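> Once you've had a glance at the structure underneath, I'll fire off some questions.
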Amino acid sequence: MGYQVRGVFVDGKKVYYRTAAEEGERHRQWVADEKAKKQAEAAKNAPEVDARISKLPQPFQDRIHAFRERNPEFRAEFESYELFCCEQAVVISGALKTPEAIEAFSKESYEAQKAMVPGIDDNHSGNTFGFSIRLAHLLASDHNETIKKSHGAMCPLVGCGTYGCYASSPEANAARAAAEYLADAEQNTKDRTWANASDQMSRKRK
């Protein structure tokens, strides 16, 4: 396990040293600088990225725009990753056509997969490849609403709240609460029915 180095001394002579507070401030400044760099890069690349998004099937366009609406930082932080997966999903779906073919493809070796879909990018990680296949399956299945609301590509790495997933949105929370309410109401109805039946049986036995 690594640990933070705040100072270096050689033969008893200080090369540098930072207090915990100084190191904390240094880290905060580094985070701010990196965020600014990402935002500047995103702004610079926005026309090219928007043009790529406009070429996606409508469900994928809706998906990316929904992430933007839920997370103001999405474009700078996560959009390139999500877009890569969407574009690769289009390649996979376009080559294999059907959900059944895509499911069979997912079980093949990588060498066989490359032969089946030559357009697979060589820069995939395990996560991007698996997610691209999942999106391709949804696209081929015409599950457009699921495409819009399903988890983001980087959710396993950063979490739904950070990414801007539908699952962490007020709308989703309200839907879950409504579903739980209906489930509780249904269970209460069953309990009352059972209690009434039990009471009636007890009366018959008296």
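The values are calculated or read from the model by the stated rules, or taken from the named source; none is laboratory data. Bear in mind the structure is a predicted one, so any value in this text is a computation, not a measurement. Don't worry about glycine lacking a Cβ; one is built from the backbone with ideal geometry, like all the others, and counts go over all protein chains shown.
> Checking residue 40 against (1) surrounded by fewer than 17 Cβ atoms within 10 Å (Cβ to Cβ); (2) touching a residue at least 24 places away in the same chain (Cβ under 8 Å); (3) not assigned by TED's automatic domain parsing to the domain that holds residue 119, which single condition isn't satisfied?
Residue 40 satisfies every listed condition except (2).
> Hey, does the stretch 151-169 have a residue that's aromatic (Phe, Trp, Tyr), under 24 Å from residue 76 (Cα atoms) and either surrounded by 16 or more Cβ atoms within 10 Å (Cβ to Cβ) or modelled with pLDDT under 95 (or both)?
Yes, because at least one residue in the stretch 151-169 is aromatic (Phe, Trp, Tyr), under 24 Å from residue 76 (Cα atoms) and either surrounded by 16 or more Cβ atoms within 10 Å (Cβ to Cβ) or modelled with pLDDT under 95 (or both).
> If you don't mind, another one. From the list 78, 74, 60, 84, which residue is touching a Leu at 6+ places or on another chain (Cβ under 9 Å), in the same structural domain as residue 161 (by TED's automatic domain parsing) and buried (at least 16 other Cβ atoms within 10 Å of the Cβ)?
60
> While we're here: Can you run down the residue pairs with Cβ atoms below 6 Å, 6 or more apart or on separate chains, where the first is in the stretch 161-183 and closer than 18 Å to residue 66 by Cβ and among the hydrophobic types (A, V, I, L, M, F, W, C) and the partner is modelled with pLDDT of 85 or more and part of a helix (DSSP H, G or I)?
165/155; 167/160; 172/166
> Follow-up. Please enumerate the residues belonging to the stretch 113-132 that are part of a helix (DSSP H, G or I), among the hydrophobic types (A, V, I, L, M, F, W, C) and surrounded by 12 or more Cβ atoms within 10 Å (Cβ to Cβ).
Across the stretch 113-132, the qualifying residues are 116, 129, 131.
> Please state which of the following conditions residue 89 fails to meet, knowing it meets all the rest: (1) at pLDDT below 95; (2) surrounded by 12 or more Cβ atoms within 10 Å (Cβ to Cβ).
Answer for residue 89: the failing condition is (1).
> Here is a follow-up. Those residues that are touching a strand residue (DSSP E or B) at 6+ places or on another chain (Cβ under 7 Å) and β-branched (Val, Ile, Thr), I need them from the stretch 1-36; list them, please.
Once the filter is applied, which keeps residues that are touching a strand residue (DSSP E or B) at 6+ places or on another chain (Cβ under 7 Å) and β-branched (Val, Ile, Thr), the stretch 1-36 yields 8, 15.
> Name the residues in the stretch 9-37 that are surrounded by 10 or more Cβ atoms within 10 Å (Cβ to Cβ) and either assigned by TED's automatic domain parsing to the domain that holds residue 88 or in a strand (DSSP E or B) (or both), would you?
9, 17
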